[in-house]
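Student: Got a structure here, written out as structure tokens. Questions coming.
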Amino acid sequence: TSYMTTSAYAESVGDCPDVRGTVVVYLHDFFDSPHIYADLVFTDFWIWICFTIETLQAARVPFYLKRHPNQVDLSAGVVSELKKKYPSVLFVPDGVTTRQLVTGGMACAVTVYGTIAHEVAYLGVPSISCARHPHIAFDFCHTARSVEEYAGLLKQANQLSLGDVDIVRKQVLM
């Protein structure tokens with residue numbers, strides 16, 4: 001996407017942690033518009049990320065958080081608060097690309113509505129979202145319509161399938 005500072009498919013620029021079988025939760029810019037798309041399951045990104053962390057922790061699903069590459073300066077303060085509230089949560093180092101995470105064996109991407117869903121789908125990884133999004137008409141993103149459905153998807157996030165990668169790639173390119 002043209003507005004991103006770094007392409008999801010960029011070459012490696014940092015040391016990737018061991019993400020084999022883990023879920024990567026892609027943070028949104030906390031000062032972005034959470035209601036840009038309809039049917040948002042959560043009222044804002046803070047409530048969403050707290051629920052996501054607590055659900056994954058309770059289900060013992062291994063995960064990392066990845067900061068949004070275009071976050072505004074104010075979001076850095078929110079991320080600091082997040083680290084204080086959840087000190088054991090692991091973050092992907094900022095220089096690590098999505099391509100590295102996929103190559104490293106990540107199992108699933110989680111987002112509210114981000115373009116990361118089609119970026120990882122093209123690379124063969126399923127995703128979970130919880131709002132209407134630009135790729136909702138396609139099969140490659142598991143989209144929750146309620147908090148309960150979202151929790152259920154999170155609990156099995158590292159076991160979800162994507163489907164036929166050739167069909168998925170065609171859908172992504174559409």
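Student: Could you go through region 148-162 in sequence order and give the Karplus-derived ³J(HN,Hα) for each residue, using 6.51 cos²θ - 1.76 cosθ + 1.60 with θ = phi - 60°, rounded to whole Hz, and x for Gly and Pro?
Tutor: Values per residue, Gly and Pro as x: 5, 5, 4, 4, x, 5, 4, 5, 10, 4, 7, 10, 6, 10, 9 Hz.
Student: For region 79-174, what is the accessible area per residue in Å² when the probe is 1.4 Å? Intermediate results must be reported in sequence, preceding the final value.
Tutor: Values: 4370 Å² over 96 residues.
I get 46 Å² per residue for region 79-174.
Student: To continue, here is another question. Taking 2.2 N^0.38 Å as the expected size of a compact globular protein, what ratio does the Cα radius of gyration of the chain give against it, to two decimals?
Tutor: Dividing the Cα Rg of the chain by 2.2 N^0.38 Å gives 0.95.
Student: Counting Lys and Arg as +1 and Asp and Glu as -1, each charge on the Cβ, what is the dipole of region 77-174 about the Cα centre in debye, to the nearest 20?
Tutor: On the way: 9 positive and 8 negative charges, 47 e Å.
I would put it at about 220 debye.
Student: Please list log₁₀ I(q)/I(0) at q = 0.13, 0.17, 0.19 Å⁻¹ for region 64-120, using the Debye equation with identical point scatterers on the alpha-carbon positions.
Tutor: Here log10 of I(q) over I(0) equals -0.37, -0.64, -0.80.
Student: Moving to a separate point now. Before rounding to the nearest 500, sum -39500 (n - 2.57) across all DSSP H runs of length at least 4 in the chain and divide by the residue total; then give [θ] at 222 nm in deg cm²/dmol. Numbers along the way, then the final one.
Tutor: Details: 6 runs with 58 residues, N = 174.
Calculated mean residue ellipticity at 222 nm is -9500 deg cm²/dmol.
Student: Sticking with this one: Give me the Å³ per residue figure for the convex hull around the C-alpha atoms of region 83-174. The partial results should precede the final answer.
Tutor: Working: hull volume 10.6 nm³, N = 92.
Given the Cα convex hull of region 83-174, per-residue volume reads 116 Å³.
Student: How long is the gain from Asp15 to Trp46 if the chain were fully straight, where each residue apart is worth 0.36 nm and the alpha carbon distance is subtracted? Let's see the in-between values first.
Tutor: Values: separation 31, 0.36 × 31 = 11.16 nm, distance 2.78 nm.
Answer, rounded to one decimal: 8.4 nm.
Student: If you don't mind, there's one more thing I want to ask. Out of the total accessible area of the chain (probe 1.4 Å, heavy atoms of protein only), what percent is carbon and sulfur? List each step's numbers first, then the result.
Tutor: Numbers: 4490 of 8590 Å².
Solvent-exposed carbon and sulfur of the chain make up 52 percent of the total.
Student: Given H placed on each backbone N at 1.01 Å, which residues far from Ala107 in sequence or on other chains put an amide H within less than 5 Å of it?
Tutor: Distant-sequence amide H within range of Ala107: Gly21, Thr22, Val23, Val24.
Student: Taking region 12-110 as the region of interest, what is the percent of Cα-Cα pairs per 10 angstrom bin, listed from the shortest bin to the one with the maximum distance?
Tutor: In order of increasing distance, the bins hold 15, 47, 35, 4 percent.
Student: Another question, if that's okay. Under a point-charge model restricted to the Cβ atoms of Lys and Arg (+1) and Asp and Glu (-1), what is the dipole moment magnitude of region 13-165 relative to its Cα centre, in debye to the nearest 20?
Tutor: Working: 11 positive and 15 negative charges, 68 e Å.
Once rounded to the nearest 20, the dipole reads 320 debye.
Student: Give me the distance in nm between label points sitting 7 Å out from Cα along the Cα-to-Cβ direction at Asp73 and Asp94, one decimal.
Tutor: 1.3
Student: Another question about this same structure. Which far-off residues, 5 or more places away or on another chain, put their amide H under 5 Å from the one on Phe91, with H placed in the peptide plane?
Tutor: For Phe91, whose amide H was placed from the backbone, the distant partners under 5 Å are Leu65.
The values are calculated or read from the model by the stated rules, or taken from the named source; none is laboratory data. Note that this is a predicted model, so its numbers are computed, not measured. Note: ideal-geometry Cβ built from the backbone for every residue, glycine included; neighbour counts use all protein chains shown. Accessible surface is based on the protein model in full, side chains and every heavy atom, while ligands, DNA and RNA are left aside. Shrake-Rupley method; radii C 1.70, N 1.55, O 1.52, S 1.80 Å.
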